[in-house]
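**Q** The following block contains the structure, expressed as structure tokens.
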Amino acid sequence: MQDRHLFEYAVIRVMPRVEREEFMNVGVVLYCNKQKYLKMLYRVDTERLLALFNDIDIDGVEANLHSYQRICAGDKDGGPIALLDAASRFRWLTATRSTVVQSSKVHPGFCLDGEDTLTRLFNQLVL
């Protein structure tokens, strides 16, 4: 198991009515310290989201998700959180919050390649 690396991931969800706890999975964020890997994939199925929550602000959701990606990438234009180290950025992105865009609890696992694992989880949990 020496070739496998510990990783952590969370599912990114859109929860328009926080009090009802109804949500739709739209992305996955994965962090692997050994591989120096932090990345997020997301896809907003606008038609499906509007069918479930007809008054949702799609542009606002897209803007929030784009900010998540910029923070993951450490983009200098991503604000002060994007300038932190990868572990701190991951912890901030996955912190419990009561907003429209939020994450699941963090789940651990072992992987050979962070990119492959992120793609597999994204296909399994979002698409």
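The values are calculated or read from the model by the stated rules, or taken from the named source; none is laboratory data. The shown structure was predicted, so the numbers you read here are calculated from the model rather than taken from an experiment. Backbone-built Cβ (ideal geometry, glycine too); neighbour counts: all protein chains shown.
**Q** Only one residue in Lys105, Lys39, Lys34 is out of contact with any Phe, Trp or Tyr (no Cβ under 7 Å at 6 or more places or on another chain) and not in a loop (DSSP other than H, G, I, E, B). Which one? Steps first, please.
**A** Working: Lys105 fails: not in a loop (DSSP other than H, G, I, E, B); Lys34 fails: not in a loop (DSSP other than H, G, I, E, B).
Going through Lys105, Lys39, Lys34 in turn, the sole match is Lys39.
**Q** Considering only residues that are part of a strand (DSSP E or B) and either hydroxyl-bearing (Ser, Thr, Tyr) or out of contact with any helix residue (DSSP H, G or I) (no Cβ under 6 Å at 6 or more places or on another chain) (or both), which ones fall in segment 8-23? Break it down stepwise before answering.
**A** Restricting attention to segment 8-23, the residues satisfying the condition of being part of a strand (DSSP E or B) are 8-14.
Those that are part of a strand (DSSP E or B) and either hydroxyl-bearing (Ser, Thr, Tyr) or out of contact with any helix residue (DSSP H, G or I) (no Cβ under 6 Å at 6 or more places or on another chain) (or both): Glu8, Tyr9, Ala10, Ile12, Arg13.
**Q** A follow-up question, please. So which of Leu50, Leu30 is at pLDDT below 95 and surrounded by 12 or more Cβ atoms within 10 Å (Cβ to Cβ)?
**A** Only one candidate passes the filter, namely Leu50.
**Q** Considering each residue of segment 53-65, count those that are surrounded by fewer than 19 Cβ atoms within 10 Å (Cβ to Cβ) and assigned to a loop (DSSP other than H, G, I, E, B), and give that number.
**A** Of the residues in that region, 4 qualify.
**Q** Select from segment 44-76 the residues that are in contact with a helix residue (DSSP H, G or I) (Cβ under 8 Å, 6 or more places away or on another chain) and under 17 Å from Asn123 (Cα atoms) and list them in ascending order.
**A** Of everything in segment 44-76, just one residue is in contact with a helix residue (DSSP H, G or I) (Cβ under 8 Å, 6 or more places away or on another chain) and under 17 Å from Asn123 (Cα atoms), namely Val44.
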